[in-house]
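Trainee: The structure's right below; bear with me while I get my questions together.
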Amino acid sequence: MNAEELQQLAAEARDERPQFDYEVNVCMGTGCLSQHSDRVKNALEKEAEISGRKCHVRRTGCMGLCAAGPMVLVEPAETRYGHVHEGDAQEIVASLGGDPVARLDPQLRGYFEGQKHVVLENSGHIDPEKIEEYIARDGYEALVKAVTEMSPGQVIEQIMKSGLRGRGGGGYPTGLKWDTVAKVKGAQKYVICNGDEGDPGAFMDRSVLESDPQRVIEGMAIAAYAIGAAKGYIYVRAEYPLAVQRLTVALQQARRRGLLGSGICETTFNFDIDIRLGAGAFVCGEETALIASIEGKRGTPRPRPPYPAVSGLWGAPTLINNVETFANVAPILRHGGEWFSSMGTARSKGTKVFALTGKIQRTGLVEVPMGMTLRQIIFGIGGGVPDGRKFKAVQTGGPSGGCLPEEHLDLSISYDALISAGSMMGSGGMIVMDDTSCMVSVARFFMEFCMTESCGKCVPCRAGTVQMYELLTRITKGVATHRDLDRLTDLCEVVGATSLCGLGQTAPNPVLSTLRYFRHEYLAHIDEKRCPAGVCEIGTGHPADSAEVTVAGEVHV
Amino acid sequence: MSAEANIRTLTIDEVDVSARADQTILEAAREHNIEIPTLCHLEGLSEVGACRLCLVQVKGARRLLPACVTRVEEGMEVTTHSPRIDRYRTMVLELFFAERNHVCSVCVANGNCELQTLALRLGMTHVEMPYQYPQLPVDASHPRFTVDHNRCVLCTRCVRVCGEIEGANTWGVMGRGAQSLVITDLKEPWGESETCTSCGKCVQVCPTGALFEKSRAGMRAQKHPEFLPYLRIMREGEQQ
Ligand SMILES: Cc1cc2nc3c(=O)[nH]c(=O)nc-3n(C[C@H](O)[C@H](O)[C@H](O)COP(=O)(O)O)c2cc1C
Ligand code: SF4
Ligand code: SF4
Ligand code: FES
């Protein structure tokens, strides 16, 4: 396909729209489907036909507010309905052109105001299984422009200018990574998209893959052109069957349109993508473990350097980026790097998608400009803590991150600000806790996660997480001493400093951040044998635990 | 490229040393009689960087780096011992001792165990952490050798020697985290393994009493891993 053909296709697809006076979009993402949005869609289609109105009922991906599923969006009025049932279909269709169905409008507006959609710009607006709908919304314009009008160096320059940083957790500058892989010599290079997404409570990447798979494919193809790769892999967890299915369809359609394959846009650029399924080990999201897994080996990390940029898949220079990172690429090329860098803070540009969950009125996906405060997200968009309870902490960054207390609610979200506050951006999980959460138990939950997800290769993580988990258990049971607390602190230091990969290195973070901001809760458990949140059943602990106290050091050597 | 271009000069513990560009910090240090503790490393096998005992401080690096896999660089300033590093090493050793059942007095390898030697050398006099006392199996199905998982430190030397030197690929790792186990074939009993050639290399390289020869049970099990570099040189010779 060349530029003219693309424009023609986009025009055709856009022309289809005026045939309809109204569009009724029904979310068919995993969340809404589990609430039978497919039945809602069938009912709406039937009603639309009966009514004889020019109305197009469309399957779309996630609209963000999963807690209010099934979600329906009526255009052009931009009316959003939540908790829609089959029985509501007739009323919705009858209301088209008039006032929205008041009964169904649970004032969802607050949720969407203040958000800024770049990555999610098409989510909820297009059918993820129709490439034409993506193209109608400027899809593939960036790829065609890149390969026909720009040199690889110019593409990288725009990405550098944009200030985009990796959305997989580390926040490494994307342009710099591309530039490195582009400069490494190698006949064969690879592009890998990391869709392993294993943080508890995170579903940003799943949503992007389900709602707008072409965007990720386009981003990868642009990256491949920039670094000189002909082959790419998307690594998705097997637990995301819908994402895999939509990606499979999307890849076929892109190939059929000549946007993947050989001689893309009538140039010499060749690129194709295969899907690889991950078996759901959290550690396989770590880049070197992921690469080992694609090679068919046991998914364990290896020491870096060499970084994948130099020696990655089958020893070849490899670019590995997160789903959301790739999803930002096409808009950057379409609008220019400067447009992107005009959003956000000095060192964190653009937007970030968060999965807002926990003790919050409105659970779901939000995309906000970097620099927004935690308070704006939690109380503005999320509607605050329900049931009249009091906000206690917000956990960001998943098992690598930390818990921030009320004093930090006015913190502007950026990679650096979160790190200096003792947490992390991570991949975008945001769990809100109220005064019924025990912070020691929260730390213990994340430690248990790291302990069971540790690959077992290096001893500080393999054995250290077990020791830390047991110490945290002792605290929650009210049998710990101050010596245990010191030992926990020592272990945090040694596991963080000596573990081989990011999993072990960051496993102590939830403990460290809760020790920093909620030390009094640890002390209440230890000194007063009391759980301030009333979560831990102190006194009912297994007797063996208290007997064990510090049976430590028989010297066996 | 001239020979000189391949030489790097660096300092290790404030001693000026030179090394080939393809050498690791560990190799450079040992050539200059600077001792860095290691456990998973064994000359002649690929490196995995798993035991973390060889971590050293490199000036300008954000984290401690494993000496066994980190290549020398021009002007590098390496510190192999400091109060902080020594403390980490003893704690890492303690983690090893506490995670399985390393009761040296009743171990076949007592006196010939690298873990025990390291503990003595690094001055680990006691284990602060509670012992886990896992109940792990012992497989004595092989006519000549036994594997006792209670003594295994998961260094994967057996896995590597079997795959890289013997070419049998009998050993592997299954499970993850603390549940990891080295296994023969697809967890068949060792004695029933169809790939094992009974060469005994894994027994020789095992740093602890996890793998031992049956005849030696109850006696001092001496191990001889020195054959490896020799074998490797022979193999490289054959390839040329
Ligand atoms: C234990 C662990 C798990 C990880 N899981 C993921 C993941 O699920 N998705 C992801 O994109 N990156 C994950 N990462 C980060 C990757 O190693 C890598 O940095 C990232 O894919 C690079 O992409 P980016 O630069 O676009 O962020 C993980 C890292 C660690 C240490
Ligand atoms: S830090 Fe944990 S997950 Fe990473 S290599 Fe070590 S044991 Fe495996
Ligand atoms: S059996 Fe021995 S050589 Fe094999 S992993 Fe365990 S300790 Fe290492
Ligand atoms: S010897 Fe380097 S990590 Fe084990």
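Trainee: What's the total number of residues in region A:501-517 that are away from chain B (no Cβ under 11 Å) and open to solvent by less than 20 Å² (accessible area, probe 1.4 Å)?
Mentor: 7
Trainee: With respect to the numbered conditions (1) under 34 Å from the mean Cα position of the chain (by Cα); (2) more than 23 Å from A:Thr452 (Cβ to Cβ); (3) surrounded by 15 or more Cβ atoms within 10 Å (Cβ to Cβ), which one is the sole condition not fulfilled by A:His520?
Mentor: Here A:His520 meets the rest and fails (3).
Trainee: Which of the residues spanning region A:224-270 are closer than 15 Å to A:Leu143 by Cα, part of a helix (DSSP H, G or I) and open to solvent by 20 Å² or more (accessible area, probe 1.4 Å)?
Mentor: Scanning region A:224-270 gives A:Tyr225, A:Arg255, A:Glu266.
Trainee: Here is a check on your reading of the model: is A:His83 on the phi > 0 side of the Ramachandran plot, modelled with pLDDT of 90 or more and not assigned by TED's automatic domain parsing to the domain that holds A:Arg246?
Mentor: yes
Trainee: What number goes with the only condition from (1) within 13 Å of chain B (Cβ to nearest Cβ); (2) among the β-branched types (Val, Ile, Thr); (3) open to solvent by 20 Å² or more (accessible area, probe 1.4 Å) that A:Thr498 does not pass?
Mentor: Single failed check for A:Thr498: (3).
Trainee: If B:Gly75 satisfies every condition in (1) touching a residue at least 40 places away in the same chain (Cβ under 8 Å); (2) more than 16 Å from the chain's Cα centre (by Cα); (3) not in a loop (DSSP other than H, G, I, E, B) but one, which is the exception?
Mentor: (3)
Trainee: For B:Leu181, are the conditions met, namely being within 16 Å of ligand 4 (Cβ to nearest atom), open to solvent by less than 30 Å² (accessible area, probe 1.4 Å) and modelled with pLDDT of 95 or more?
Mentor: Judged against the criteria, B:Leu181 is not a match.
Trainee: Can you find even one residue in region A:292-300 that is open to solvent by less than 10 Å² (accessible area, probe 1.4 Å) and touching a helix residue (DSSP H, G or I) at 6+ places or on another chain (Cβ under 9 Å)?
Mentor: Checking region A:292-300: not a single residue is open to solvent by less than 10 Å² (accessible area, probe 1.4 Å) and touching a helix residue (DSSP H, G or I) at 6+ places or on another chain (Cβ under 9 Å).
Trainee: Before we move on, is A:Arg347 at negative phi, among the basic types (Lys, Arg) and surrounded by fewer than 18 Cβ atoms within 10 Å (Cβ to Cβ)? Can you show your working first?
Mentor: Numbers: at negative phi: yes; among the basic types (Lys, Arg): yes; surrounded by fewer than 18 Cβ atoms within 10 Å (Cβ to Cβ): yes.
Yes: the conditions hold for A:Arg347.
Trainee: Still on this structure, I have one more. Looking at A:Arg103 and the list (1) within 32 Å of the chain's Cα centre (by Cα); (2) within 25 Å of A:Ile360 (Cβ to Cβ); (3) in a helix (DSSP H, G or I), which single condition is not satisfied?
Mentor: Exception for A:Arg103: condition (1).
Trainee: Quick test of your reading of the structure: B:Val153 fulfils all but one of (1) within 28 Å of B:Thr90 (Cβ to Cβ); (2) more than 16 Å from ligand 1 (Cβ to nearest atom); (3) surrounded by fewer than 22 Cβ atoms within 10 Å (Cβ to Cβ). Name the failing condition by number.
Mentor: For B:Val153, the failing item is (3).
Trainee: From the set of residues in region B:158-209 that are within 14 Å of another protein chain (Cβ to nearest Cβ) and aliphatic (A, V, I, L, M), which is nearest to ligand 2 (Cβ to nearest atom)?
Mentor: Among them, the one singled out is B:Ala178.
Trainee: Tell me whether region B:142-153 contains one or more residues that are within 9 Å of another protein chain (Cβ to nearest Cβ) and closer than 23 Å to B:His102 by Cα.
Mentor: yes
Trainee: Something else about it: Would you check if there is a residue in region B:15-26 being more than 11 Å from chain A (Cβ to nearest Cβ), among the basic types (Lys, Arg) and within 29 Å of B:Pro207 (Cα to Cα)?
Mentor: The answer is yes, given that some residue of region B:15-26 is more than 11 Å from chain A (Cβ to nearest Cβ), among the basic types (Lys, Arg) and within 29 Å of B:Pro207 (Cα to Cα).
Trainee: Can you report the number of residues in region B:41-60 which are over 11 Å from A:Pro303 (Cα atoms) and either within 11 Å of another protein chain (Cβ to nearest Cβ) or under 14 Å from the mean Cα position of the chain (by Cα) (or both)?
Mentor: Of the residues in that region, 11 qualify.
Trainee: Shifting gears a bit: Report yes if some residue within region A:167-180 is of a type in the set (A, V, I, L, M) and open to solvent by 40 Å² or more (accessible area, probe 1.4 Å); otherwise report no.
Mentor: Among the residues of region A:167-180, at least one is of a type in the set (A, V, I, L, M) and open to solvent by 40 Å² or more (accessible area, probe 1.4 Å), which makes the answer yes.
Trainee: Quick check on this structure: which one of B:Glu99, B:Glu128 is more than 30 Å from B:Asp22 (Cα to Cα) and at pLDDT 95 or above?
Mentor: B:Glu99
Trainee: Contact list please: Cβ distance under 7 Å, first residue in region A:448-466 and more than 7 Å from chain B (Cβ to nearest Cβ), second residue buried (at least 24 other Cβ atoms within 10 Å of the Cβ) and hydroxyl-bearing (Ser, Thr, Tyr), pairs at least six apart or on different chains.
Mentor: Listed pairs, sorted by first residue: A:Cys450/A:Thr465; A:Cys461/A:Ser454; A:Cys461/A:Ser499; A:Thr465/A:Ser454.
Trainee: Going by what's in this entry, would A:Arg334 be described as surrounded by fewer than 21 Cβ atoms within 10 Å (Cβ to Cβ) and within 16 Å of ligand 3 (Cβ to nearest atom)? Talk me through it step by step, then tell me what you get.
Mentor: Values: surrounded by fewer than 21 Cβ atoms within 10 Å (Cβ to Cβ): yes; within 16 Å of ligand 3 (Cβ to nearest atom): no.
No: the conditions fail for A:Arg334.
The values are calculated or read from the model by the stated rules, or taken from the named source; none is laboratory data. Predicted, not measured: the structure shown is a model, and the values here were computed from it. No Cβ is skipped: glycine too gets one built from the backbone with ideal geometry, and neighbour counts run over all protein chains shown. Note: areas computed on protein heavy atoms with side chains; ligands, DNA, RNA excluded. Shrake-Rupley method; radii C 1.70, N 1.55, O 1.52, S 1.80 Å.
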